[in-house]
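Novice: Dropping the structure in here first, questions after.
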Amino acid sequence: MADRSKIPVPIPTPETEHFWAGAREGVLKLQRCSACTEVYFPPRPFCPVCISRDVEVFDASGRASLYSYVINQRPHPAHDGPYSIAVVELEEGPRMMTNIVNVEQTPEALVLDMPLEVVFEPLTDDISLPYFQPEGATR
Amino acid sequence: MKPGSIAIVGAAETTELGRIPDLSQIQLHADAAINAMNDAGLKPSDIDGVATAGESPTATAHYLGITPKWVDGTAVGGCSFMLHVRHAAAAINEGLCDTVLITHGESGRSNIGRSGRPGGRATLQGQFESPYCSMGPPTTFTIPFLRYMKETGTTLEQLAAVAVIQREWAGMNPRASFRDPLTIEDVMNARMIAWPFTLLECCLVTDGGGALILTSAGRAKDFPQKPVYIIGTGESTETPMISQMDDMTTSKAFRVSGKKAFEEAGIGHADVDHLMIYDAFAHLPIYGLEDLGFCGRGEAGAFIAERNTAPGGSLPLNTNGGGLSYMHSGMYGMYALQESVRQMRGIAPAQVEGAEITVCHGVGGMFAASGTVIMSNQAP
């Protein structure tokens, strides 16, 4: 039986706290540069393209597509059987690592570029992790 | 660097490779270093520069009784030693030191006296990758390849061919960990590790080490071994987070490092007689062939499958058997450099006849960093 306590719990830093605060509320937070409009991830208090410190946090749509992945066959105590380790491309442009959930963990079911949506799962009182599922999937 | 101004005058691996439970990490460094000093006819008191990764240069120098005037602890993963070669060349040319020892030792299999690995849970990786139970290189370094396959039409049979052909090279090398021939079917039917990668498309986990000694080309002819001249070098980094690569179908660090090395050397791809591309996993030679410019976009899988890099092919690649079949302690770059040196000295078990120029290309982390060293046995 999957034991979610075996998942390495992220420790937020001052620069990433807004992301984890959003995740607790079930909102995916991204940042946008006010000077050059670049949207970026992971969080940092300046734009990685133009180094402006004038950046804002905004709510992402939560929509993404499947960019690439593997299906890990080695046992992990937090997972029942093989599981995907994936990179998704958010509708706003940045990519992030995730697991694709609420879908069979097979090459046939996990098709590159398939539409996905974010779903949050609590890990501790403070940390909820963003995962992605096929658009319209049910838990 | 100034092409041809620096030479490798000492090179050796640890006496044993594979499973070495009776040596700690620091002793693996020392075993290789002693072998390299013997190879070059030098004593610790002759060495005035030390570079290493995985172990601190302070600890390595003190353990060996060396008082350095120059140290480099650049640690960007398995290609760190390519960067050490480059930095040492610059340091010697600048007069910072005369004779540099570069060491590697890693108890990758036996875990004897092994240094801790980085990666706290407050790092960006710890926050945004580790929670997805990414577990390490076999399940993370491999993520980009499905995207590469979709965009280029490369097949799983072509990926398997990388392992098959490197095993052919390993079969010619008595020190290789695995030497029995493989078929495409063997590779594809092996135990699945992280779909689409099977066990035989993942590197070995072994113990071992290696060391190099560099000095100026002017001094090099006074040493017992045939000098191997450094004619071009490059290095770069991209991202410590594989999910944040610019484009998962190509490595920016490979492209930047390779281009700089070729520019320094002033050579074209047709001039290259021998090639090493760090193969932690079977897709790396495919990326390397394209990002270094040997193959066009999407052509490398077929190039390998059509036996261009196999024994008898036009571009001998990973002639020691590579990380897939020769050995892989964790930071394999040192062994790629050792094979390039052997090929330039003319003493490799699978010697490429008449080879005069070798390109040795390394990866650090998971597409995180890169280093390239181009060598020649021809005096400048």
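The values are calculated or read from the model by the stated rules, or taken from the named source; none is laboratory data. Bear in mind the structure is a predicted one, so any value in this text is a computation, not a measurement. Here the Cβ positions follow ideal geometry from the backbone for every residue, glycine too, while neighbour counts run over all protein chains shown. Note: areas computed on protein heavy atoms with side chains; ligands, DNA, RNA excluded. Shrake-Rupley method; radii C 1.70, N 1.55, O 1.52, S 1.80 Å.
Novice: Other chains near A:74-87: what is the mean number of their Cβ atoms within 10 Å of each residue's Cβ?
Specialist: The shielding value for this peptide is 4.
Novice: Which residue, chosen from A:Ser34, A:Thr16, A:Ala64, occupies the Cα position most advanced towards the positive end of the dipole of chain A, where the dipole is computed from +1 (Lys, Arg) and -1 (Asp, Glu) charges on Cβ about the Cα centre?
Specialist: A:Thr16
Novice: Also, I was wondering about something else. Can you tell me the alpha carbon radius of gyration of the stretch A:14-134 divided by the globular rule-of-thumb value 2.2 N^0.38 Å?
Specialist: 1.13
Novice: Same structure again: Only Lys, Arg, Asp and Glu count, each charged at its Cβ (+1, +1, -1, -1), so figure out the dipole size of the stretch A:14-134 about its Cα centre, rounded to 20 debye.
Specialist: Value, rounded to 20: 280 debye.
Novice: Still on this model: Under 25 Å Cα-Cα from B:Lys150, which lysines qualify once same-chain neighbours fewer than 8 residues away are excluded?
Specialist: Of all the lysines, those that pass the test against B:Lys150 - Cα under 25 Å, at least 8 places apart if same chain - are B:Lys252.
Novice: Report the FRET efficiency, 1/(1 + (r/R0)^6), for B:Asp46 and B:Arg307, where r is their Cβ-Cβ distance and R0 is 51 Å, rounded to 0.05.
Specialist: The pair B:Asp46/B:Arg307 has a calculated efficiency of 0.70.
Novice: Can you give the convex hull volume of the alpha carbon atoms of chain B per residue, in Å³?
Specialist: In chain B, the Cα hull volume divided by residue count equals 123 Å³.
Novice: With the full set of protein chains in place, find how many percent of the accessible area of the protein assembly as shown is carbon and sulfur; take the probe as 1.4 Å.
Specialist: Within the protein assembly as shown, the accessible surface is 51 percent carbon and sulfur.
Novice: Under 5 Å between amide H atoms, partner at least 5 residues away or on a different chain: which partners does A:Ala60 have, H built in plane at 1.01 Å?
Specialist: Those lying under 5 Å, H to H, from A:Ala60 are A:Leu28, A:Lys29, A:Leu30.
Novice: Here's something else I'd like to know. Taking only protein heavy atoms into account and a 1.4 Å probe, give the accessible area per residue of the protein assembly as shown in Å².
Specialist: Each residue of the protein assembly as shown exposes 37 Å² on average to a 1.4 Å probe.
Novice: Determine, from the Cβ-Cβ distance of A:His18 and A:Glu104 and an R0 of 25 Å, the FRET efficiency 1/(1 + (r/R0)^6), rounded to the nearest 0.05.
Specialist: Calculated value: 0.15.
Novice: Could I ask something else about it? Can you give the calculated 222 nm mean residue ellipticity of the protein assembly as shown, where each DSSP H run of n ≥ 4 adds -39,500 (n - 2.57) and the sum is split over every residue, rounded to the nearest 500 deg cm²/dmol?
Specialist: -7500 deg cm²/dmol
Novice: What percent do you get for the relative contact order of the stretch A:14-134 when only Cα pairs under 8 Å and 6+ apart count?
Specialist: After rounding, I find 24 percent.
Novice: Now, a different point. Could you give the dipole magnitude of the protein assembly as shown about its Cα centre, charging the beta-carbon of Lys and Arg +1 and that of Asp and Glu -1, in debye to the nearest 20?
Specialist: Around 860 debye, computed over the protein assembly as shown.
Novice: Taking the Cα centre as origin and putting +1 on Lys and Arg beta-carbons and -1 on Asp and Glu beta-carbons, what dipole magnitude results for the stretch B:181-229, to the nearest 20 debye?
Specialist: 400
Novice: What distance in nm lies between label points placed 7 Å from Cα along the C-beta direction at B:Lys226 and B:Thr67?
Specialist: 3.8
Novice: Order of B:247-258, B:220-231 by packing, highest average Cβ count within 10 Å first?
Specialist: Output ranking for B:247-258, B:220-231: B:247-258, B:220-231.
Novice: Another one. Excluding ligands and nucleic acids, what accessible area in Å² is computed for A:Lys6 using a 1.4 Å probe, to the nearest 10?
Specialist: 110
Novice: Take B:Thr15 and B:Ile347, extend 7 Å from each Cα along the Cα→Cβ direction, and tell me the distance between the two endpoints in nm.
Specialist: Label-label distance for B:Thr15 and B:Ile347, simple model: 1.7 nm.
Novice: Suppose R0 equals 25 Å; then what is the FRET efficiency for B:Ser56 and B:Val205 from their Cβ-Cβ distance, rounded to the nearest 0.05?
Specialist: The computed FRET efficiency comes out at 0.60.
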